[in-house]
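Inspection log for the structure reproduced underneath, given as structure tokens.
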């Protein structure tokens, strides 16, 4: 029996015992992996995949393909040329079993491309979400502590109030006590661009704090 599997953006027609080179998989030599993207098994054609089908294989080794030379030359007065070699990372494996049904119940490790595992693009959203979490936490702490309504200051809306709360500023008394150095620091830290002095927050805070 033969099957057509898909991996690394390519399709391979295989049968039990075949030795195959595919784009690098996240697996070590001796491990058993299972391909679950099966386009065809025997006379059964998928739409687009054959449900429940799988192809199991044993990883023989991680290898590199033949060197490919990429050469570019521009025919101009000030011509430039570039020569670069590349060897594709590959996984050498042997097909052991072709399953028409029940592949999802075998418990064999799925064959996944090496570039798909623990990618930095997956971790980035978590890092990006951290400042939002910090701002929300500061806002919640400010509300719990009975913080002043900083929106009473000229030019301060909900967005600026959140920035101030996230920086630990929750009361008029804090702003009223700012020195010139504090004002400069918060101008730079929160990108206020002179707004504090221009709007007269310190004087307003002194009045509101009474």
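The values are calculated or read from the model by the stated rules, or taken from the named source; none is laboratory data. Remember, it's a predicted structure, so these values are computed and weren't measured experimentally. Cβ: placed from backbone, ideal geometry, glycine included. Neighbour counts: every protein chain shown.
Values for this structure:
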item: Residue in the stretch 66-73 that is under 22 Å from residue 26 (Cα atoms), modelled with pLDDT under 95 and within 29 Å of the chain's Cα centre (by Cα) present; result: no
item: Filter result (exposed (fewer than 11 other Cβ atoms within 10 Å of the Cβ) and modelled with pLDDT under 55) within the stretch 130-181; result: 144, 145
item: Residue 107, sole failed condition from (1) under 30 Å from residue 62 (Cα atoms); (2) surrounded by 10 or more Cβ atoms within 10 Å (Cβ to Cβ); (3) modelled with pLDDT of 80 or more; result: (2)
item: Selection count where residues are in a loop (DSSP other than H, G, I, E, B) and surrounded by 15 or more Cβ atoms within 10 Å (Cβ to Cβ), scope the stretch 50-67; result: 3
